[in-house]
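Trainee: Could you have a look at this structure, given as structure tokens, before my questions?
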Amino acid sequence: MRKQLSFIETIGFCFVLVSSLLIASLSHAAPVSEGRPIVIGAPLSVGFNYGLGSKQSIILAAEEINAKGGIIVSGKRHPLKVEVADTRDLEPGVPTSEGLMVVEKLLLQQKADFLVGGPIRSEVMLATMDLVSRYKKPSILSVGAVTPTFNKRISDDPNKFKYSFRTSGNSINLTTEGLGVTEQLKKQHGFDKVYIMGQDVAWARASSSLYKSELEKRGFTICGYELYPTGSTDYSMGLLKAKESGAKIIFPWMDMPETSILINQWYDMKVRALLIGYMVAATHPDYWNGTKGTCEYIADLYTKAGTVPTPALPKSVEFVNSYKKRWGKEPISEYDGSCYTAVYVLVDAIGRAGTLDSDSVAAALEKTDIKGTVMGRVRFDKTHDVIYSQDPKEGAVSLWAQWIKGKRVVVYPSEIASGRIELPPWMK
Amino acid sequence: MGILIYSVVVSITLLLTAIGFALVYGVSRLANFAHGGLYILTGYLVWGFLNKLGVNYIGATILSLIIVAVVGATIYQFVLKRVRGMPESEIIASFSLALGIMEGLRSLGLVGFAYTIPVFVRGTVVVAGVPVDWQRLIIIGVGLGVVAFLWVFTHYTKPGLALRAMAQDERAAMMLGIDSDLMAVVCLALGSALAAVAAITILPLGNITVETGYNVLIYAVAVCVIGGLGSWPGAVVAAFILGFAQILTTAYLSPQWHMVVVLLAILLTFIVKPSGLLGRQKQLEERV
Amino acid sequence: MPQEDRRKKRLDRGVKVRTEGIYAISAPRDIAYLLIPRLVLILGLLILPLLLQNIYWQKVLCIICVFGLLSLSFNFLTHFVGIVNLGNAFFVGVGGYTSAVLQSSFKLSPVLSIIAGTFGGALISTTLLLPCLPARGIYFAIASLMYPLLFPRIIEALNIFGGTDGVIGITTFPNIWVDQYLVIIVLLVTLFALRRLVNEDFGLILRGIKDNDQAIRASGIGVTWYKTQGLFIASAIGCFTGAYLVHLYGWAGISLFGLDFSIFPIAVSVVGGSGALVGSVVGSLILVPMSETLRAFGTLRIMIYCLILVGFITLKPEGLMRYFTRKYEQFEHWTRV
């Protein structure tokens, strides 16, 4: 006999429900304080590596600035307050409207003055651009969302989107980096046969097909070009084909965690090709321990520098140390440097504008020119995207790091490298 | 040759993940959508025991197996038992539990790419000119072992025979004194343990992420649907068909389509023969 | 009294019996008994946008109505047609994309594209689901679950309709009042229309299909045809939701097929009460604001949510609305057996 709740129990149940609702909503009432804190809203998907890393970087930056006294605007001292809200936008089943609701909540209810960070998924980011424009709050995208559609929208209607900025860069830059490193390998070792494995999502398709066509123009042999759907758990066929075709470079374009399976299979099969490319899975500092060293010799692209320290970027060494001290690990995501820098870029712009007014801050952001950040020099181009370069004195750089003996060594671009690209022993 | 070997590997992997789900559905007609959640839970438990509590590998795996089996039994006892017989409620209840487990794991901060559990043996072996790593061979061994174990269990041991009896005709079994609730609990515990075994052998190939739980569920459902909900040999056959289909598509078409292949296969089965290849549903029960 | 010796005895209240037939109009008290719950609902929903000061909460109200509609669609299918549809997101996606593509390709006004999205989308989704319709119970449930998982991958693989970037730059509604009142009115109209429908002949056949489709078949009525019609109605509701969302935020993307759009409406109808269409609205009014306030808990929110859902399914499966309806219409007391 199933037990049904009695009347009293039902009323009690409803009461608990309603009161928890009330308590939760009351806890939202922000206390009004004096030297009013400047609220930075951070819409991030904190249930994922990118989101968590960004959250930690942004909070780290804000704490550093507050320790130095906060921001001074027209003679008053304002501390920074970071409000992180979970957009869940990286979760596959979650509709964009969730992310948009979160951003609206940040802007309207939590009274964010500026937005830094996400959304991370391009689809959500593009929809948020309209919100940012409607509510007129400067926003600096600093993690993911590298679709070139951002640039296109801004150049089509610069006035509508004048509040949107991006420090995470553009997917075309990724292809440029890929070409650069492949050319270097050709020069150093004579490798000219490449096997390309892309993930079946828009950014990877775009980047990998551009990469492929450029390589063909430069006289490389493309031994194979495959697209793997997100969630693929088996790369044996691709690796076997790469082996048979004599490819010397296997270049993945993937951000899914299943890339680890590819890496492990590559290691186990001892494929005589260098595994180098864009594999987000391997950018985590604990990856070596996790794979017990099977990831040795893979070289990985980090969209923006800062995550792996290198003497050529002195600020990155400081950043990595502070991050480790604050959060117990080295930076966990490739965009951590970009997020950390974004907060400083914002503060710098507020300082130059001398006011918190959105239009002035947006205008000041356009004129940003900070040298020596953790990822190089930060300037924005006409489409409000950070200017990319391989020279840290000119623009924001990406970096390639290779796992050697448990540590990551920056191997490219040469302007910031602290080591050469090593080949695995079975290839010599 | 490589295609053949890897098709077998993929097929047995699919079989391992799906057999727990097939078992539970076959015996008590319960679609246990929490299967994927239990799979991932095992992974994280083993990781936790190994890295946070410093238990050795064997201990960690055995403890996790037991814990997950208990979790499965608890799910039945407190949730599924009350909603048995109402298909939509069962699915909703078990799916929300799965969601709760997986999102709960996510909220504990278990995000990122660094969670792995170690392989049994590291290294590769060359089989007929094709390099295959030991772990995959072990998967084949474990898969076949599990099928063999289940066969022996359900044909020669008392509880196993009781489970088979329940699968064939629940009422008749009850008339013979088999306690259907107790058997269902045992069944769910066994099914969860099988999910755990699958997790322990397959997860070392890559890393543990919460999203894998959702994918595992889709694969398990696909295999069981195609093979016939309620038929264990059907699940075996379906696993092989799906595995070969996936590898062949990857090898000859492009890897792009292999997920689509899975979903299309499910749809085709429903349109043509909803009870699957070897399903035992009567024609009238399955469609109008 | 010890458990075994007693049972609950339920009697209809006097006023309920009196108001059952034409004599309901004989006394103002009886009329009030019937009208007040309905009036409270209608007027309450219509006044709510004026009471909420914050734009954010007004947006939440829109989302409440959206999920109320989706839950109505699910409720209608499950409890009045007998089809368990776990893939509501499919309707949302099809409706949304149809409307978005029509809007961006042919530059239709929002009104036209919403209407086109609703009925065109319903046509498309019903046709696509048609092959699976003859399957019953759990088979259809699983099949319907697969559709919203399959289509985004196809869109992604073929890179049509904007691929993973989605379709952007769709015209939105002119102001927040249109946003809210449009969906509130549609919600109310749909609710009462469906309630009327299930008591008409057509509705009776559908309910018969749910109860015992073999009997309906034996009566010479084409079961599949009626199921198709029922599905068309439900999918029209779902597609409207999709088209509305697309114009609310000005975007359309793969996430329109997200699992949230399938699971949340089911949760709403479980909490609000299955079998009573009003339950969908009530459930939505409770769950959506609760979900919003739970955001304070971050990722734990979904877990808490799932626990509540499981709690309701096991402990109070009839849902809140049924419970309150019973209280309103009957009184109960324990009697000795």
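Trainee: Starting from residues that are within 14 Å of another protein chain (Cβ to nearest Cβ) and not charged (D, E, K, R), keep the ones in segment A:212-226 and report whichever is nearest to the chain's Cα centre (by Cα).
Mentor: A:Tyr225
Trainee: Can you find, within segment B:221-278, the residue that is modelled with the highest pLDDT among those that are on the phi > 0 side of the Ramachandran plot and more than 10 Å from every other protein chain (Cβ to nearest Cβ)?
Mentor: B:Gly228
Trainee: Could you tell me which numbered condition A:Ser322 fails, if it satisfies all but one of (1) assigned to a helix (DSSP H, G or I); (2) under 16 Å from A:Val143 (Cβ atoms)?
Mentor: (2)
Trainee: Output yes when any residue across segment C:307-319 is more than 14 Å from chain B (Cβ to nearest Cβ), under 18 Å from C:Ile286 (Cα atoms), surrounded by 15 or more Cβ atoms within 10 Å (Cβ to Cβ) and under 19 Å from the mean Cα position of the chain (by Cα), and no when none is.
Mentor: No, there is no match, as no residue in segment C:307-319 is more than 14 Å from chain B (Cβ to nearest Cβ), under 18 Å from C:Ile286 (Cα atoms), surrounded by 15 or more Cβ atoms within 10 Å (Cβ to Cβ) and under 19 Å from the mean Cα position of the chain (by Cα).
Trainee: Between C:Leu133, C:Leu194, which is in contact (Cβ under 8 Å) with a residue 60 or more places away in the chain and closer than 30 Å to C:Leu45 by Cβ?
Mentor: Testing whether each residue is in contact (Cβ under 8 Å) with a residue 60 or more places away in the chain and closer than 30 Å to C:Leu45 by Cβ leaves just C:Leu194.
Trainee: Restricted to segment A:117-145, and to residues that are within 12 Å of the chain's Cα centre (by Cα) and either surrounded by fewer than 24 Cβ atoms within 10 Å (Cβ to Cβ) or more than 14 Å from chain C (Cβ to nearest Cβ) (or both), which residue is nearest to C:Leu256 (Cα to Cα)?
Mentor: Per the stated criteria, the residue is A:Gly118.
Trainee: For A:Val320, work out the one condition from (1) over 18 Å from A:Phe165 (Cβ atoms); (2) surrounded by fewer than 20 Cβ atoms within 10 Å (Cβ to Cβ); (3) at pLDDT 90 or above; (4) not acidic (Asp, Glu) it doesn't fulfil.
Mentor: (2)
Trainee: I'd like the full set of residues that are in a loop (DSSP other than H, G, I, E, B) and among the small types (Gly, Ala, Ser), limited to segment A:178-230.
Mentor: A:Gly190, A:Gly219 - these are the residues of segment A:178-230 that are in a loop (DSSP other than H, G, I, E, B) and among the small types (Gly, Ala, Ser).
Quick grid of which residues meet (1) out of contact with any Leu (no Cβ under 7 Å at 6 or more places or on another chain); (2) more than 9 Å from chain B (Cβ to nearest Cβ):
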position: A:Tyr228; (1), (2): yes, no
position: A:Gly231; (1), (2): yes, no
position: A:Gly238; (1), (2): yes, no
position: A:Lys241; (1), (2): yes, no
position: A:Gly246; (1), (2): yes, yes
position: A:Glu258; (1), (2): yes, no
position: A:Ile261; (1), (2): no, no
position: A:Tyr267; (1), (2): yes, no
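Trainee: Further question: I'm checking my understanding of the structure. Among residues of segment C:208-222 that are buried (at least 16 other Cβ atoms within 10 Å of the Cβ) and over 20 Å from C:Ala122 (Cβ atoms), which one is nearest to the other protein chains (Cβ to nearest Cβ)?
Mentor: C:Asp213
Trainee: Just name the residue that is surrounded by the most Cβ atoms within 10 Å (Cβ to Cβ) out of those in segment C:93-142 that are among the β-branched types (Val, Ile, Thr) and at the interface with chain B (Cβ under 10 Å from one of its Cβ atoms).
Mentor: Among residues in segment C:93-142 that are among the β-branched types (Val, Ile, Thr) and at the interface with chain B (Cβ under 10 Å from one of its Cβ atoms), the one surrounded by the most Cβ atoms within 10 Å (Cβ to Cβ) is C:Ile142.
Trainee: Further question: On the basis of being of a type outside the set (Val, Ile, Thr) and in contact with a Leu (Cβ under 6 Å, 6 or more places away or on another chain), does C:Ser255 make the cut?
Mentor: It is false that C:Ser255 is of a type outside the set (Val, Ile, Thr) and in contact with a Leu (Cβ under 6 Å, 6 or more places away or on another chain).
Trainee: Looking for whichever is in contact with a helix residue (DSSP H, G or I) (Cβ under 9 Å, 6 or more places away or on another chain), away from chain C (no Cβ under 14 Å), surrounded by 24 or more Cβ atoms within 10 Å (Cβ to Cβ) and assigned to a helix (DSSP H, G or I) here; the options are B:Gly59, B:Gly72, B:Gly48, B:Gly37. Which one fits?
Mentor: B:Gly72
Trainee: Only residues in segment B:61-90 that are without any contact (Cβ under 8 Å) to a residue 24 or more places away in the chain and within 17 Å of B:Ile40 (Cβ to Cβ) count as the first member; pair them with residues that are surrounded by fewer than 20 Cβ atoms within 10 Å (Cβ to Cβ) and not basic (Lys, Arg), Cβ under 7 angstrom, at least 6 apart or cross-chain, and list the lot.
Mentor: B:Leu63/B:Val55
Trainee: Restricting attention to segment B:118-139, which residues are surrounded by 15 or more Cβ atoms within 10 Å (Cβ to Cβ), facing another protein chain (nearest Cβ under 8 Å) and assigned to a loop (DSSP other than H, G, I, E, B)?
Mentor: Across segment B:118-139, the qualifying residues are B:Pro118, B:Arg122.
Trainee: Could you tell me which numbered condition A:Thr87 fails, if it satisfies all but one of (1) farther than 21 Å from C:Gly93 by Cα; (2) more than 7 Å from every other protein chain (Cβ to nearest Cβ); (3) not charged (D, E, K, R)?
Mentor: Evaluating A:Thr87 over (1) farther than 21 Å from C:Gly93 by Cα; (2) more than 7 Å from every other protein chain (Cβ to nearest Cβ); (3) not charged (D, E, K, R) leaves (1) as the failure.
Trainee: For A:Asp156, only one of the following conditions fails: (1) in contact (Cβ under 8 Å) with a residue 24 or more places away in the chain; (2) over 16 Å from the mean Cα position of the chain (by Cα). What is its number?
Mentor: (1)
Trainee: Mind telling me which of the residues A:Ile40, A:Ile72, A:Ile59, A:Ile65 ends up being within 24 Å of A:Ser358 (Cβ to Cβ), assigned to a strand (DSSP E or B) and modelled with pLDDT of 90 or more?
Mentor: Just one listed residue meets the conditions, A:Ile40.
Trainee: Between residues in segment B:1-24 that are within 12 Å of another protein chain (Cβ to nearest Cβ) and residues that are assigned to a loop (DSSP other than H, G, I, E, B) and surrounded by 24 or more Cβ atoms within 10 Å (Cβ to Cβ), which pairs lie under 8 Å by C-beta distance while being six or more apart or on different chains?
Mentor: B:Tyr6/A:Asp234; B:Val9/A:Asp234; B:Val10/A:Asp234; B:Phe21/B:Asn32
Trainee: Test A:Val143 against the stated conditions and say whether it is without any contact (Cβ under 8 Å) to a residue 40 or more places away in the chain and of a type outside the set (Asp, Glu).
Mentor: Taking the combined requirement at face value, the residue does not satisfy it.
Trainee: For segment A:268-288, which positions are farther than 18 Å from A:Lys405 by Cβ and in a strand (DSSP E or B)?
Mentor: Within segment A:268-288, A:Gly277, A:Tyr278, A:Met279 meet the criteria.
Trainee: Please enumerate the residues belonging to segment C:264-287 that are more than 7 Å from every other protein chain (Cβ to nearest Cβ), part of a helix (DSSP H, G or I) and either of a type outside the set (Gly, Ala, Ser) or more than 11 Å from the chain's Cα centre (by Cα) (or both).
Mentor: Correct list: C:Phe264, C:Pro265, C:Val268, C:Val271, C:Val278, C:Val281, C:Val282, C:Leu285, C:Ile286, C:Leu287.
Trainee: Restricted to segment B:191-216, and to residues that are closer than 21 Å to A:Ala282 by Cβ and hydrophobic (A, V, I, L, M, F, W, C), which residue is nearest to the other protein chains (Cβ to nearest Cβ)?
Mentor: Selected residue: B:Leu205.
Trainee: Check every one of the helices (runs of 4 or more DSSP H) wholly within segment B:157-255 and list those with 3 or more residues that are surrounded by 22 or more Cβ atoms within 10 Å (Cβ to Cβ).
Mentor: Answer list for segment B:157-255: B:158-168, B:180-202, B:210-227, B:232-248.
The values are calculated or read from the model by the stated rules, or taken from the named source; none is laboratory data. Keep in mind it's a predicted model, so treat the numbers as computed, not measured. As a convention, Cβ positions derive from the backbone with ideal geometry for all residues, glycine included, and neighbour counts pool all protein chains shown.
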